[in-house]
Amino acid sequence: MHLMSPSHQKMEQILGQTLQYSLDYNLNVHGMPTSGSVAISDEELILFRDEIAVKRIPLQNINEFKVVQMVGSGALQIVLKEKTEQLCIFTQDLLPVFADLAKMLEYHRETGVFPAPDDEEPVKTCPKCGLVIPEQTNICFHCAPKGKYLWRIVKLSLRYKATLLTALVATLIIQLLWVVFTYMKGLVVDNYVTSGSQDFTGLLLMMGGYLIIPLLLFGLEYINERCSSYTAAQVGRDLRGILFERIQNQSMKNALKRPTGEQIKRIANDTEKVQDFVSYHGKEAVVRVFSVSVILAVMFWMNWKLTCWIVLPIIAGFFFSRFIFKRMNHPFRINWKLFSKMESVLYDILSGIMAVKVFGSEKREIKHYSGCSEKFAHSMYVANFYWFVMFPVSTFVVTLGEYFYLYFGGNDVLSGVLSFGKMVTFLSCIGLLYAPLNWLMQLPRQLAQTAISAGKIFEIIDEKEDVLDRGNAIDKEIEGNVAFEHVHFGYKVYNPVLKDINFSVKKGEMIGIVGPSGVGKSTMINLIMRLYDVSNGQILIDGTDIRDISQHSLRSQIGVVLQETYLFDGTVWDNLIYAKPDATMEEVVQAAKIANAHDFICKMPDGYQEYIGSRGYKLSGGEKQRIAIARAILRDPKILILDEATASLDTETEKMIQEALKNLTRDRTTFAIAHRLSTLRNADRLIVLDGGRIVEMGTHEELLRHKSVYYNLVMAQRQTSKLSKEPA
Ligand code: ADP
């Protein structure tokens, strides 16, 4: 929650009451730094200065909350009965949060409800440790329940129990065979080298073992590799599938929350890290812990005193690396954050390459990216510095035991307490022990990275959806009657865009939606498509609340032509049948003809099979629009939405498109938004929005006669087009 000061709980204790919101301000009346907070309880607004409540005002006495912008700073003001009072001053960066607070308090004043603060906080901090949470995620890399995430991955892998267990058992046997192999070395020395025994049968048997064991190891390694990579590939595929399905089905609000680059990263990179964990790190961790235990058990059994000399430095090394790891958390966190930032910048620049070229800002962008890359490289250097100091030092500490062993073990051999063969076996065991130990010392770093990746995947999978099919949602054949009943909507509940919208449309009617930019025209059609749910009221289609119609059924009967048509990488044909994959050749050609697209398609070298490139870059704006219209015709929707469908076209092309649109809108309920009001002249009715409300409704002529908002808009546009010599 971003409307919660770090001293929120302390203020609650001081006041003895629960607070709804609290926010710190940072300037005094003279513009000098200070510390204080504004707190809101159910009944009062309380102003704190240095943790002392200096002012308490009952909320019911306040008639308005507002934020005013000053030079380099802002102020929170309240309007009381007789006067306006300035409550606190803050620096410019706090303006957005204080503006949110003011809007939420206004919302409370009107409705009596304290809205929940939105989760899109300017800067999110972890409520547990107070550290800043990286952008685009809600996971604190420090406090995330890493064990829980890893356990979920293990559970997912258990779908493939047979191959997972086979790989595990094969690896365990491999480790055991290495111990046996090592033990045999000592036996050969004691029985045939130092004793001078002439019984070569046993020796030959052992030599056989020496040959068979590597063969067995080879076979087991093969089984292990096959099974591990199979399991990992399956788990990776499952995760990518679940994640992609989830991302496809998420609401617009959730979809827009994370940049596309971040979502791609989660599907591609994060699942790959998890896949590595399943194929290698997870299984190896179990096996290596097992090996260490078995080898230590054998060593204790052989000579517990000498083993103690080996174990003591290992314990010391373990505590040393724990100590260093704690210090490494911070640089690694910064490193992750900078990496994420660098990737986002890269994605942003590449997806906006056209803008970069047009503005000739290549040099600036190269500098921008290099800056990010350099910061990342530096943070990598700092983080790795800790790692490269820690790793050799702790390896040295751990392996100190070997020197102790050589000293004490050597003495034991000289004094005859220990046989030479045992000493060789013991030395080999130490070698066997250090390999998995060194590996295990690097494991926490790997596990932490895997856990964070898994956390980022589960964050999307577990996300609460805000636009859901109701339990009793039906698939319904739509006729096209649409009604808005007391519809209220805001992207943030306390910041309404549409207020109490009421109207009804009969099937086949064409409705134009007009109003100044930013008034909520596109929002209105987003609501008809149910990309967002209304905050209050309902939208009915043929008398049924759209929340009772399944989203798939609803959207499959709505056709859309937007200002910017998105065309997929492929041929004209691929793009046309996207609207109706089972369309016949006749249907496609017919749709293209109605949309005035057939002729230009036929002029292309490969006709309908012409490859139009990524986003249809080979086509002009007008051609793209005609493809979009043909697509909409193929879909044969009952409700049609035209959002600035002709806005980016020249007048000549627009005429052609208008003709195609006329064909398209026939017998369908149509909602059209157009900046050029003249294009809506033929609409059956026009809905005029202003200040989030419907202020006028009627035909073009009626509204002109009315001489109010619409009339003014038309006059203003005529004026502008006279100046630019363009017909309005
Ligand atoms: P219009 O189509 O009339 O130009 P919109 O419906 O696009 O206006 O926008 C209405 C208001 O809602 C604007 O203030 C805009 O900034 C805001 N808005 C639009 N889309 C979003 C969104 N996805 N999240 C938050 N605010 C939005």
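Being assigned to a helix (DSSP H, G or I), in contact with a helix residue (DSSP H, G or I) (Cβ under 7 Å, 6 or more places away or on another chain) and over 30 Å from D276 (Cα atoms) is a property that L187 has.
Based on what the data block shows, is S291 over 30 Å from Y491 (Cβ atoms), touching a residue at least 24 places away in the same chain (Cβ under 8 Å) and either of a type in the set (S, T, N, Q) or within 16 Å of the ligand (Cβ to nearest atom) (or both)? For S291, the condition - over 30 Å from Y491 (Cβ atoms), touching a residue at least 24 places away in the same chain (Cβ under 8 Å) and either of a type in the set (S, T, N, Q) or within 16 Å of the ligand (Cβ to nearest atom) (or both) - is met.
For L3, the conditions (1) of a type in the set (A, V, I, L, M, F, W, C); (2) outside any strand (DSSP E or B); (3) in the same structural domain as F114 (by TED's automatic domain parsing) are fulfilled apart from (3). Each residue in region 600-622 was checked for being modelled with pLDDT of 85 or more and more than 21 Å from A583 (Cα to Cα), and 3 pass.
Per-residue answers, yes or no, for (1) under 23 Å from V497 (Cα atoms); (2) within 36 Å of the chain's Cα centre (by Cα):
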site: M4; (1), (2): no, yes
site: N26; (1), (2): no, yes
site: V38; (1), (2): no, yes
site: E51; (1), (2): no, no
site: L80; (1), (2): no, no
site: E85; (1), (2): no, no
site: A102; (1), (2): yes, yes
site: Y107; (1), (2): yes, yes
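Could you tell me whether region 637-646 includes any residue that is away from the ligand (no atom under 16 Å from the Cβ), out of contact with any Pro (no Cβ under 7 Å at 6 or more places or on another chain) and outside any loop (DSSP other than H, G, I, E, B)? So far as region 637-646 goes, yes, one or more of its residues are away from the ligand (no atom under 16 Å from the Cβ), out of contact with any Pro (no Cβ under 7 Å at 6 or more places or on another chain) and outside any loop (DSSP other than H, G, I, E, B). K492 meets all of the listed conditions (1) within 16 Å of the ligand (Cβ to nearest atom); (2) crowded, with 21+ Cβ neighbours inside 10 Å but one, namely (2). Within region 6-25, the set of residues being in a strand (DSSP E or B) and either of a type in the set (D, E) or surrounded by fewer than 16 Cβ atoms within 10 Å (Cβ to Cβ) (or both) comprises D24 only.
A quick yes/no check of all residues on (1) farther than 21 Å from E463 by Cβ; (2) at pLDDT below 90:
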{"residue": "K185", "(1), (2)": "yes, yes"}
{"residue": "Q198", "(1), (2)": "yes, yes"}
{"residue": "M207", "(1), (2)": "yes, yes"}
{"residue": "I213", "(1), (2)": "yes, yes"}
{"residue": "Q234", "(1), (2)": "yes, no"}
{"residue": "L243", "(1), (2)": "no, yes"}
{"residue": "P259", "(1), (2)": "no, yes"}
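Among the β-branched types (V, I, T) and buried (at least 16 other Cβ atoms within 10 Å of the Cβ): does that describe V286? It is false that V286 is among the β-branched types (V, I, T) and buried (at least 16 other Cβ atoms within 10 Å of the Cβ). Beta carbons closer than 8 Å, at least 6 apart along the sequence or on distinct chains, pair a first residue in region 383-412 that is part of a helix (DSSP H, G or I) with a second that is among the hydroxyl-bearing types (S, T, Y) for M390/S321; S394/S321; V398/Y434; T399/Y434; E402/Y434. Against the numbered list (1) away from the ligand (no atom under 16 Å from the Cβ); (2) among the hydrophobic types (A, V, I, L, M, F, W, C); (3) not assigned by TED's automatic domain parsing to the domain that holds R266, A451 comes up short only at (3). Name the residue that is nearest to the ligand (Cβ to nearest atom), counting only residues in region 467-476 that are more than 13 Å from L527 (Cα to Cα) and either of a type in the set (S, T, N, Q) or in contact (Cβ under 8 Å) with a residue 40 or more places away in the chain (or both). So, considering only residues that are more than 13 Å from L527 (Cα to Cα) and either of a type in the set (S, T, N, Q) or in contact (Cβ under 8 Å) with a residue 40 or more places away in the chain (or both), the one nearest to the ligand (Cβ to nearest atom) is D469.
Determine whether E225 is within 19 Å of A454 (Cα to Cα), loosely packed, with under 15 Cβ neighbours inside 10 Å and acidic (D, E). In short, no. Does A39 satisfy the criteria of being aliphatic (A, V, I, L, M), surrounded by fewer than 18 Cβ atoms within 10 Å (Cβ to Cβ) and in contact (Cβ under 8 Å) with a residue 12 or more places away in the chain? Criteria not met by A39.
Closer than 18 Å to V286 by Cβ and more than 44 Å from the chain's Cα centre (by Cα): is that true of L177 in this structure? Criteria met by L177.
Is it the case, given these coordinates, that V424 is in a helix (DSSP H, G or I), within 27 Å of F181 (Cβ to Cβ) and not small (G, A, S)? Yes: the conditions hold for V424. Please work out if L243 is of a type outside the set (S, T, N, Q), within 16 Å of the ligand (Cβ to nearest atom) and over 19 Å from A162 (Cα atoms). For L243, the condition - of a type outside the set (S, T, N, Q), within 16 Å of the ligand (Cβ to nearest atom) and over 19 Å from A162 (Cα atoms) - is not met. For region 67-94, residues that are among the hydrophobic types (A, V, I, L, M, F, W, C) and over 14 Å from V38 (Cα atoms) total 5. Residues that are within 16 Å of the ligand (Cβ to nearest atom), of a type in the set (S, T, N, Q) and either assigned to a loop (DSSP other than H, G, I, E, B) or under 24 Å from G698 (Cβ atoms) (or both) within region 503-558 comprise S517, S522, T523, S535, listed in sequence order.
Can you name the residue in region 142-159 that is of a type in the set (A, V, I, L, M) and part of a helix (DSSP H, G or I) and is also farthest from the chain's Cα centre (by Cα) among such residues? Ranking the candidates gives L158 first.
Any residue in region 508-519 that is within 16 Å of R668 (Cα to Cα) and of a type in the set (D, E, K, R) sitting within a Cβ distance under 8 Å of a residue that is modelled with pLDDT of 90 or more and more than 13 Å from the ligand (Cβ to nearest atom)? List the pairs, counting only those 6 or more apart or interchain. Once the first residue is within 16 Å of R668 (Cα to Cα) and of a type in the set (D, E, K, R) and sits in region 508-519, its partners that are modelled with pLDDT of 90 or more and more than 13 Å from the ligand (Cβ to nearest atom) give E509/T669; E509/T670; E509/D684; E509/R685.
The values are calculated or read from the model by the stated rules, or taken from the named source; none is laboratory data. Predicted model only: the values in this text are computed from it and were never measured. Cβ sites come from the backbone with ideal geometry, for glycine too, and all protein chains shown count toward neighbours.
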